[in-house]
1. Among residues belonging to region 107-126 that are under 12 Å from residue 172 (Cα atoms) and in contact (Cβ under 8 Å) with a residue 60 or more places away in the chain, point out the one that is surrounded by the most Cβ atoms within 10 Å (Cβ to Cβ).
2. If residue 73 passes every condition in (1) in a loop (DSSP other than H, G, I, E, B); (2) on the phi < 0 side of the Ramachandran plot; (3) modelled with pLDDT under 95 but one, which one does it miss?
3. Name the residues in region 121-138 that are farther than 18 Å from residue 34 by Cα, at pLDDT 95 or above and not in a loop (DSSP other than H, G, I, E, B), would you?
4. Criterion first (surrounded by 14 or more Cβ atoms within 10 Å (Cβ to Cβ) and closer than 19 Å to residue 130 by Cβ) does residue 24 satisfy it?
5. Just the residues that are in a helix (DSSP H, G or I), touching a strand residue (DSSP E or B) at 6+ places or on another chain (Cβ under 7 Å) and free of Cβ contacts under 8 Å to residues at least 60 places away in the same chain, please, taken from region 7-33.
6. Based on this model, can you work out whether residue 91 counts as closer than 19 Å to residue 164 by Cα, without any contact (Cβ under 8 Å) to a residue 60 or more places away in the chain and within 15 Å of the chain's Cα centre (by Cα)?
7. Can you work out which of the residues in region 37-55 that are modelled with pLDDT under 95 and closer than 30 Å to residue 167 by Cβ is farthest from the chain's Cα centre (by Cα)?
8. Do we have any residue at all in region 63-86 that's out of contact with any strand residue (DSSP E or B) (no Cβ under 8 Å at 6 or more places or on another chain), closer than 21 Å to residue 117 by Cβ and surrounded by fewer than 16 Cβ atoms within 10 Å (Cβ to Cβ)?
C-alpha cells in the first residue's frame, strides 16, 4: 500500500496509525472539541480505537481515510483531517479538528484546503461535502474559506446538521505550498 503524506506551508499530515490512539482520544474528549464532534459525549478509548482502525481499513480498501495533523517539522499531533463516506448513496465528507490551543490561526482551513486538493487531484472525487451543527460557526467559516457552499440540512440522531459542498470544478486552490509524498 502506498501512503500519502501531505505538506503545507505550516503543517504535515499523514494517515492515522494505532500509535495515535491515545493522543486522538485526548483531542476527541477535549470539552471544546467534543461539543460538536461527538455531540458533547465523552467517548471511551475503545471508540477512538475503532475510529483509527476504521480509517486504516479505509486506506487499505479505498485509498483514503483520516490523517493526523502536525505542525511542520514537529512531532506534536494537534489535529486531524481527512475523508469518510456518509449518507446513502455514499458521498465523500471531509472532517477536520484542531486542538483548541491552536485555534484562530487558520490551521484547520490550511489542512482542509490541502485535503480538498488531495481529494480532487489524487482521488478524482467529483464533489466533497462537509457538515456541522448549526452553532458551530467556526466550522462554517472554514468551509466558506475553502469555497464550499450550502448544500442541505439533515437530522442525524435527532441533531440538525448543515452540509456544505464543493464540486471539483469550483475548487480554486491558492498557490500556497503543497506537496504530496508517497512511501511504500
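The values are calculated or read from the model by the stated rules, or taken from the named source; none is laboratory data. Keep in mind that this is a model prediction, so the values were computed, not measured. Methodologically, a virtual Cβ is constructed for each residue, glycine included, from the backbone with ideal geometry; neighbour enumeration extends over all protein chains shown.
1. Filtering region 107-126 for residues that are under 12 Å from residue 172 (Cα atoms) and in contact (Cβ under 8 Å) with a residue 60 or more places away in the chain, the one surrounded by the most Cβ atoms within 10 Å (Cβ to Cβ) comes out as 114.
2. (2)
3. Result: 127, 128, 129.
4. no
5. 20, 24 - these are the residues of region 7-33 that are in a helix (DSSP H, G or I), touching a strand residue (DSSP E or B) at 6+ places or on another chain (Cβ under 7 Å) and free of Cβ contacts under 8 Å to residues at least 60 places away in the same chain.
6. Yes.
7. 39
8. Among the residues of region 63-86, at least one is out of contact with any strand residue (DSSP E or B) (no Cβ under 8 Å at 6 or more places or on another chain), closer than 21 Å to residue 117 by Cβ and surrounded by fewer than 16 Cβ atoms within 10 Å (Cβ to Cβ), which makes the answer yes.
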